[in-house]
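Report on one structure; see the data block that follows.
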Amino acid sequence: LRPLPAPPEFPGGLEAARHLLARGWVDSAAYHDVLWRHAVWGESFLPQRAADAAAFMRWLSGQSGDAALDDRLAGAVEAGLREVGGRWHDAVSHVPLAPLPALVFGDIQADLERRLGEARERLRAMPADGVVRYERREGGPDCASTHTANHANGLAAAALVGLAEVACWSGDASVAAEVIALVDRQTALYGGGVPRGAQTWEMPLHTPDILASARLVRLYTLAYALSGEPRHLAQARYWAWTGVPFVYLDPPVDAPVGLYATIAVLGATHWHAPFWIGLPVQWCGLVYRSALLDLARLDGEHAATWERLATGITRAGLQMTFPLDDAERRGLLPDFFHLRAQRPDGPAINPGTVQAGLPEAYGQAPLLDFRVVGPRRWRVLAPGRVTPLEDMPPGGIRLRVEPWPTTPCDVHLAGVQKAPSAITWTGAEPATHRHHAALGCLTVRLRGPGELTVME
């Protein structure tokens, strides 16, 4: 009866957005020599190594509309990678798009071996009842004191998403089974509930929270990719809908910025001022946006809805971003935004949080695509667009792959337990591949667009 409104327009569109974010990476106070700050806010958020920054800048390089700026981006990428030294999960963005840096620059199989070992340790440390409980920080307030329990769905999802990612990107059946059992335990605990408890560094555990929606959508989307079970897709959809009340779908003010702005929570920090109801905190909405984009790739029935919401949230984030004439904060996302004053405020967050969903907001190929393909439900990750082709061969898969890096990069297939009998690549340059039996995955190194066929 009331369709989602059209997304807002960012002046200059995609071209202006790429230029603005590129300036944020190399011409703002977020950039410090070969390191990046998560955000600019006095002496907070010290500069650090950032593999995600390198991947984001590599995508922007050559697209900023300014040759000198492109050269600075390229130089920052190379210098930053020397600092990263293979630590592909060092990140500054709220949406680092892991494992994108490993696919573009590194070795995803080595990265997965390390992360799989860490995941097994974390699974052994999980409580037997599968409940992730809140732990009060020494000297801090008890964020569980106003909730009905000392646990909540957003707190649990934040702890479990990393485990689900490792299970999804590898082919380890035992880890996958343990993760699915944990996810189903969360459904039993929290199904049909309110998203809450994802920001206990400053919010009470009971506080309704869009970041909890985001983490839960991500968790159940990964679970569905692993299991193919309709119950997991139903939960992903449910938690996606719980994020909608936090999104302004009617303009809250008669001004350019407001439509698709996202409030973070319905509550107050530690039960005291500042009072956050109604105040956009777009970075929280952008994490939700990225979860919706992943869900849209697996949920054909509702994909248009999730994509429309995601596009609106991304463009609203661009509208809020500090402008080019702000020398210290240009291209950075404000922590929050004053709607009536139309003024950004708070810590200025690095550009990656907006950029992670920028291409999709303008109908372009994503920075990181994620698909589930074929009768074995192989999970495919690639830096660029992956299109499953209709004429799938029996006992295999056939994909159109359009990577955005101009240099060789990896396409990763998880769940490939046995070495393939044949691999065919129709691109202009030959492809190489590595099968990792212990991980249950296949990595194909290729360059440029083409069609990839993998036979069992």
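The values are calculated or read from the model by the stated rules, or taken from the named source; none is laboratory data. Model, not experiment: these values are computed from the prediction. Heads up, the Cβs are rebuilt from the backbone with ideal geometry, glycines too, and the neighbour counts pull from every protein chain shown. The accessibility values were calculated without ligands, DNA or RNA, using every heavy atom of the protein model including side chains. Shrake-Rupley method; radii C 1.70, N 1.55, O 1.52, S 1.80 Å.
Key figures
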| quantity | calculated |
| --- | --- |
| Rounded FRET efficiency, nearest 0.05, which uses the C-beta distance separating Glu301 from Met392 and R0 of 25 Å | 0.75 |
| Binned Cα-Cα distances of region 106-171, short to long, each 10 Å bin given as a whole percent | 18, 39, 27, 14, 2 |
| Label-point separation, Asp27 to Glu229 (7 Å along Cα→Cβ), nm | 5.2 nm |
| Euclidean distance between Cα centres, region 1-70 to region 295-313, Å | 24 Å |
| Förster-model FRET efficiency, 45 Å R0, Glu451 and Trp271, C-beta, rounded to 0.05 | 0.20 |
| Globularity ratio of region 314-361, using Cα Rg and 2.2 N^0.38 Å | 1.08 |
| Thr424 versus Ala16: modelled label distance in nm, points set 7 Å from Cα along the beta carbon direction | 4.8 nm |
| Trypsin sites (Lys or Arg not before Pro) lying in DSSP loop within region 302-359, provided at most 13 other Cβ fall within 10 Å | Arg340 |
| Whole-Hz couplings from phi, Karplus 6.51/-1.76/1.60, listed for region 285-297; x for Gly and Pro | x, 6, 5, 4, 3, 5, 5, 5, 5, 5, 5, 4, 6 |
| Low-density loop positions, chymotrypsin sites (Phe, Trp or Tyr not before Pro), region 172-258 - DSSP coil, at most 14 other Cβ in 10 Å | Trp201 |
| Value of relative contact order over the chain, rounded to a whole percent, pairs C-alpha under 8 Å and six or more apart | 16 percent |
| Length released on extending from Asp325 to Met126, taking residue separation times 0.36 nm less the Cα-Cα span | 66.7 nm |
| Loop-located GluC sites (Glu not before Pro) in region 283-366 whose Cβ has at most 13 other Cβ within 10 Å (DSSP) | Glu301, Glu328 |
| Spin-label pair Arg377/Ala68, simplified geometry with 7 Å Cα→Cβ offset, distance in nm | 5.4 nm |
| Formal net charge of residues neighbouring Asn153 (Cβ-Cβ distance under 10 Å; K, R +1; D, E -1) | +1 |
| Alpha-carbon spread of region 256-399, three principal axes, descending order, Å | 61, 36, 25 |
| Cα extents of region 144-248 along the three principal axes, largest first (Å) | 40, 28, 21 |
| Long-range Cα-Cα pairs in the chain (distance over 40 Å), rounded percent | 15 percent |
| Cα centroid of region 159-231 to Cα centroid of region 385-430, whole Å | 29 Å |
| Cα-based Rg of region 205-289 normalised by 2.2 N^0.38 Å, two decimals | 1.23 |
| Stokes-Einstein D in µm²/s, Kirkwood radius over Cα pairs - region 17-111 at 4 °C with 1.567 mPa s viscosity | 98 µm²/s |
| Backbone N under 15 Å from the Glu138 label point (7 Å along Cα→Cβ), restricted to region 270-297 | none |
| In Å, descending, principal axis extents of the Cα set of region 363-431 | 30, 26, 22 |
| Per residue value of the accessible surface for region 116-168 (all protein chains in place, 1.4 Å probe), Å² | 50 Å² |
| Cα-based convex hull, region 157-202, per residue volume (Å³, whole number) | 75 Å³ |
| Cα-derived Rg to Rh of region 325-456, Kirkwood definition | 1.16 |
